[in-house]
Structures are given as C-alpha cells and as structure tokens.
Amino acid sequence: MIGQFLRLSARGVADLRLHPFAQLLTLVAVAMVTLLTGLILLGLHTVNIELLKSRGQVEFQVYWKTDADAETVVKDWDTIRAMEHLKDFKTFTPDNALTELASTLGETGDFSWLADNNPLPYSGLVSFHVPPEAQDQGWAAGLLTQIKSLPGVDKVHYTPFQADLAQSWRTISHMVIWPVLGFLALIVSLVVHNTIKLSLMTRLDEVEILSLVGARPGYIRWPLLTGGFVQGVLGSGLGIGLLAIVHSFIAEALNFPPFLLEIRFLPPEYLLALAGAVTLVSVLSSWVAVK
Amino acid sequence: MVTVERLSYNFGTYWALKDVSFSLKKGEFLFLTGHSGAGKTTLLRLLYGALPVTRGRASVAGYQLNNLRKRDIPQLRRKVGVVFQDFKILSDRTVFDNVAMALEVRGMPRQHLERRVRAIIRAMGLETKSYSICERLSGGEQQRVAIARSMVANPELILADEPTGNLDVDLTMHLMEIFQQFHTYGTSVIMATHSKEVLECVPGARILHLQDGRIVDEASGAEPEPEKEEPASLGEVGL
C-alpha cells in the first residue's frame with residue numbers, strides 16, 4: 001500500500017517532465033503570484049507593527065478648572081486611579097507643570113517670575129489599555145464622558161487617532177485585502193488547473209486504459225494531484241525566495257524621516273501560511289481539473 | 001456469468017440496442033456478429049460498465065449493472081478483461097509495463113507481479129520482447145500485448161471487440177488460438193466480430209447475430225472441447 005502510494009507519487013513528479021515548458025511557465029506564474037502576495041503581506045505586516053505600537057492604548061490629557069481646590073482634584077485623581085484598564089496616570093500640580101514646562105524649554109524656560117502667580121491648572125496624562133473586545137464599541141468615547149464628568153475637571157483632550165486608525169485598518173483589511181488575496185488565489189488556481197488539465201489531456205489514453213483494467217479513481221488521480229502539489233510547493237518556495245531577495249533591497253527604503261518605517265520580513269508562521277495556502281490552492285485546483 | 005434481459009440503449013433518438021436478452025454460462029464462448037452499427041460494441045460497452053444500463057437488466061460476474069455504483073465499476077473491471085480492435089496499449093511503454101499495469105492497479109506485491117507478468121508474456125510468445133517499446137512491435141504483437149494485459153489478472157470473462165479487425169489472416173488465426181487456449185482453461189469469452197473465419201475458429205461457440213440493435217438469430221458451432229480444471233490451467237501458463 002505504502003509502496004504503491006510512493007510509486008504513484010514518484011510517477012506524478014516524473015510526469016512533470018512531460019510538458020517542461022508549460023510546467024516551467026506555471027512554476028513561474030505561481031512563484032510570481034506568491035511574490036506579489038508576499039509583498040502585499042509584507043506591507044500589511046509593516047503597517048500592522050507600527051499600529052501595534054499604539055493600537056492597544058488610548059490617552060487623555062485632563063485639565064482641571066483653575067479655581068479647583070486641591071482636595072477636589074486629589075479626589076478626582078483617586079477616582080481616575082480606580083478606573084479599569086488604567087495603564088499610567090501622570091499628575092501635575094500647577095507647580096510641577098511649570099517646572100516641567102521650564103525644563104522642556106531648557107535655558108530659555110525661566111518662569112520663576114510666574115511662581116507667585118502661576119496660571120497653569122492641575123493637569124494629568126491618563127493612558128488606558130484598550131481591551132480587545134472594546135475596540136469596536138466606542139469604548140474610548142465612554143471613558144471621555146466619564147472623565148469629563150468628574151467635578152473638578154475643566155476640559156479633556158482626547159486624540160482618538162490610534163484607536164480609530166486601528167479600527168480603520170481592520171476595516172480596510174477586511175474589505176480590500178481579503179478580496180485581493182482571494183483574487184490572487186484565483187489566479188494560482190486557474191494557472192495550475194490549466195496545466196494539470198493539459199497533463200491530463202495528454203494522458204487520456206493512459207487514463208482510459210487504467211480505468212479499463214480496474215484502477216480506482218484515486219489511483220488515476222493521485223499522480224496528477226502530486227503534480228499540482230509539487231507545483232505549489234516549488235512555486236511558493238521560489239516565490240518566498242524572491243520575496244527575501246526583494247526584501248533585502250527595500251528593507252530600509254522607508255527608514256528615513258518622516259516615515260522612519262523599517263520594513264521587516266514576514267515571520268515564519270506567515271511564510272508557512274503563505275506557502276501552505278498556495279500549495280493548498282494548487283492541490284485543490286488540480287483536484288478540480290482531474291475530477 | 002452474464003445475464004442480459006430486455007436490454008435497450010439509446011443515443012438520443014437512435015436506439016443502438018433493442019430488447020436484447022441472452023445469458024452466458026461460465027466457460028462459454030459467445031460470438032456477437034452483425035454489420036457495423038448492429039449494436040455489438042454498445043452491448044460490450046454496457047457489459048463492462050462504460051455505458052449505464054438504463055433499460056432492461058444485466059448482470060456480469062455477480063454485479064448487477066442496473067444499479068451499479070461508480071465506485072463498483074473498478075471492481076467489475078477487475079473481473080472482466082477487455083480487448084479492442086485498436087489494442088489500446090501505451091505505445092511509449094514496454095511490453096512488460098503494459099501488461100503489469102493490470103496488476104499494479106490491484107496493488108499486487110512487486111515480486112508476485114513480475115512472476116505473473118513474465119509467465120503471461122511467455123505464454124503469448126513475447127518473452128524476447130518483454131522490454132521492447134510497444135510502438136516498435138507489429139500489429140499482431142501489439143494485440144498479443146493487449147490480450148496478455150486482459151488475461152494476466154485471470155479474469156472470469158473476456159470481452160473482445162473485433163480483436164482481429166486490424167490483422168491479416170495468419171495473425172488472426174494465431175490470436176484465435178490464444179483466445180481458445182484461455183477459453184479451454186475456463187475463461188468465458190464474448191467476442192464481437194463480423195469475420196466468418198473467426199466465427200469458424202471456435203468449436204462449440206454460440207453465435208448471436210445482431211441487426212439494428214436486435215438479436216435476429218442464434219446459432220452454435222460444433223460440440224465444445226471438455227473444459228479443463230482452472231487450477232491446472234493456471235499452472236500450465238505459469239500463473
């Protein structure tokens with residue numbers, strides 16, 4: 001049984017030489033589609049990494065009323081510290097804020113003349129971890145309302161950029177990227193399907209004779225499916241190899257201001273998924289071709 | 001071995017077979033004769049599952065063809081050897097490869113397979129051509145390869161569709177001797193032919209005459225030779 005399986009598989013590989021030119025073209029086409037898909041994934045991966053740096057976090061700059069007394073402010077701070085998913089909370093008294101401002105400005109930042117008449121209010125920089133389940137639900141807006149409603153709070157600056165960008169990115173991924181990947185998979189399937197069909201047509205005599213002597217469909221199809229599998233494995237391998245070469249040229253292409261984007265190569269699990277998907281599509285299209 | 005009852009088959013509006021009934025016992029030799037288009041090939045194709053039985057009833061080697069499932073067709077064909085006028089062998093493969101094909105699909109162990117293939121090739125007188133590419137063989141040799149392939153798995157029934165149609169008289173006689181040899185070992189044979197010489201080759205064979213898809217006459221030749229025991233026959237050809 002195993003011997004027969006190996007023999008049929010070997011025949012499938014050997015049959016690839018029946019139409020060397022067509023097989024080579026298919027191999028190149030599969031490799032090119034893999035490369036194209038890999039480049040798209042490379043772009044996605046790079047953007048994803050950049051977004052991940054800030055995606056799970058939302059920040060609020062909170063300013064208390066200038067006339068708020070210290071007791072009210074401290075109570076508000078305690079309320080904030082008790083909030084769920086709090087990651088960090090930096091607080092500034094008016095004096096702290098003035099000192100911080102002065103140190104930021106360096107030598108020109110001498111505000112000692114304001115010490116007795118400090119115009120700055122109590123303030124704070126609050127950051128929260130955004131729970132994954134809350135990313136789609138306007139969770140940050142709810143927090144904003146909650147912080148604004150604290151008795152001493154005057155205004156809150158909230159930049160929903162990161163959270164919204166992450167959400168937009170997810171929408172783009174779902175609406176654009178998957179159809180594009182599906183389209184590329186369709187190209188692979190058509191190319192491999194046609195090549196396997198060609199192999200099948202040139203072997204019609206053999207298929208007919210095998211059928212006449214009682215070969216099961218699996219026995220007849222297996223060598224052709226093996227051909228599709230080999231095309232998928234070799235094509236995806238070649239494509240990933242080309243992707244690595246292209247990556248070595250473009251890795252630092254965007255690593256300058258204002259982008260400062262380092263294009264990182266796909267992690268092994270992505271590469272395996274890419275090769276697996278291309279191979280699977282190749283085998284499936286071969287199966288359809290010989291069915 | 002074969003039972004056919006009121007079997008009909010149509011290609012669109014054309015009825016290739018109409019109400020054909022006959023039966024064939026184990027070890028019998030049956031000729032189907034008639035002009036081109038009489039329905040001989042259609043009948044044979046129905047019997048090895050190449051066409052579906054939709055009208056009438058038919059059974060071959062224990063398989064009811066009326067409700068034959070697709071997955072049972074390979075099993076049926078392992079019990080039936082088929083020989084064609086145009087040989088249907090792979091001309092770019094060796095004699096050995098062509099014959100071995102029928103055993104490879106059964107998953108027979110290589111050592112056993114080689115022994116059987118060599119034996120049948122020897123029985124066909126092709127032992128010096130075992131590793132010759134088939135396209136370099138003569139028509140008669142190619143047909144012997146086809147017969148060897150159909151016989152190597154020791155089928156219960158041989159269906160032969162004009163197997164001598166492309167051969168000259170001498171080769172025809174030689175091939176008929178081979179068919180007769182296997183027939184005497186107990187293999188049932190249904191052979192389609194329109195050659196009078198072929199019909200006279202097998203003593204005791206039944207002859208069904210088909211015309212426009214119907215059986216119009218049935219005849220039988222001289223008394224058959226006594227059937228040999230199957231185990232002895234297999235030994236005689238080395239199988």
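Worth pointing out:
- Condition met for A:T202 (open to solvent by 50 Å² or more (accessible area, probe 1.4 Å) and free of Cβ contacts under 8 Å to residues at least 12 places away in the same chain): no
- Scan of segment A:241-266 for residues that are open to solvent by less than 50 Å² (accessible area, probe 1.4 Å) and either under 20 Å from A:G182 (Cβ atoms) or in contact with a His (Cβ under 8 Å, 6 or more places away or on another chain) (or both), ordered by number: A:L243, A:I263, A:L266
- Among residues of segment A:228-248 that are farther than 11 Å from A:G38 by Cα, those with a Cβ under 7 angstrom from a residue that is surrounded by fewer than 18 Cβ atoms within 10 Å (Cβ to Cβ), sequence gap 6+ or separate chain, pair up as A:V230/A:V13.
- Listing of helices (runs of 4 or more DSSP H) fully contained in segment B:42-157 that carry 2 or more residues being within 25 Å of B:R214 (Cβ to Cβ) and modelled with pLDDT under 90: none
- Residues of segment B:1-23 that are farther than 11 Å from B:A58 by Cβ and not small (G, A, S): B:M1, B:N10, B:F11, B:T13, B:Y14, B:W15, B:K18, B:D19.
- Test result for A:D110, more than 40 Å from the chain's Cα centre (by Cα) and either within 30 Å of A:I245 (Cα to Cα) or at pLDDT 85 or above (or both): no
- Selection from segment B:62-109 of residues that are in contact with a strand residue (DSSP E or B) (Cβ under 6 Å, 6 or more places away or on another chain), facing another protein chain (nearest Cβ under 8 Å) and surrounded by fewer than 18 Cβ atoms within 10 Å (Cβ to Cβ): none
Residues are listed down the side, and each one gets a yes or a no for (1) under 17 Å from the mean Cα position of the chain (by Cα); (2) farther than 20 Å from B:E127 by Cβ; (3) of a type in the set (V, I, T):
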| residue | (1), (2), (3) |
| --- | --- |
| B:G56 | no, yes, no |
| B:N67 | no, yes, no |
| B:Q75 | yes, yes, no |
| B:K79 | yes, yes, no |
| B:D86 | yes, yes, no |
| B:T94 | no, no, yes |
| B:D97 | no, no, no |
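- Residue in segment A:158-188 that is modelled with the lowest pLDDT, counting only those that are open to solvent by 40 Å² or more (accessible area, probe 1.4 Å), part of a helix (DSSP H, G or I) and in contact with a helix residue (DSSP H, G or I) (Cβ under 7 Å, 6 or more places away or on another chain): A:Q162
- Which listed residue is more than 18 Å from the chain's Cα centre (by Cα) and either more than 19 Å from A:Q4 (Cα to Cα) or away from every other protein chain (no Cβ under 14 Å) (or both), from B:A119, B:A123: B:A119
- Being among the basic types (K, R), in a helix (DSSP H, G or I) and within 21 Å of A:L144 (Cα to Cα) is a property that holds for A:K75.
- Residue match in segment A:186-204 (condition: closer than 23 Å to B:R71 by Cα and in contact with a Lys or Arg (Cβ under 7 Å, 6 or more places away or on another chain)): no
- Where B:N10 falls short, out of the listed (1) more than 17 Å from the chain's Cα centre (by Cα); (2) polar (S, T, N, Q); (3) under 25 Å from B:S195 (Cα atoms); (4) outside any loop (DSSP other than H, G, I, E, B): (3)
- Only one of B:R144, B:R149 that is in contact with a strand residue (DSSP E or B) (Cβ under 9 Å, 6 or more places away or on another chain), surrounded by 19 or more Cβ atoms within 10 Å (Cβ to Cβ) and under 22 Å from B:H174 (Cβ atoms): B:R149
- Residues in segment A:209-227 that are open to solvent by less than 50 Å² (accessible area, probe 1.4 Å) and touching a residue at least 40 places away in the same chain (Cβ under 8 Å): A:Y219, A:I220, A:P223, A:L224, A:L225, A:T226, A:G227.
- Residue match in segment A:37-53 (condition: exposed (fewer than 15 other Cβ atoms within 10 Å of the Cβ), at pLDDT 85 or above and more than 16 Å from the chain's Cα centre (by Cα)): no
- Among residues of segment B:25-37 that are within 16 Å of B:Q211 (Cα to Cα) and part of a strand (DSSP E or B), those with a beta-carbon under 8 Å from a residue that is modelled with pLDDT of 90 or more and among the basic types (K, R) at least six positions away or on a different chain give the pairs B:F31/B:R206; B:L32/B:K40; B:T33/B:K40.
- Among the residues listed as A:L271, A:L234, the single one being closer than 28 Å to A:I196 by Cβ and open to solvent by 80 Å² or more (accessible area, probe 1.4 Å): A:L234
The values are calculated or read from the model by the stated rules, or taken from the named source; none is laboratory data. Quick caveat: nothing in here was measured; it's all calculated off a predicted structure. Methodologically, a virtual Cβ is constructed for each residue, glycine included, from the backbone with ideal geometry; neighbour enumeration extends over all protein chains shown. Quick note on the areas: whole protein, heavy atoms, side chains included, nothing else; ligands and nucleic acids left out. Shrake-Rupley method; radii C 1.70, N 1.55, O 1.52, S 1.80 Å.
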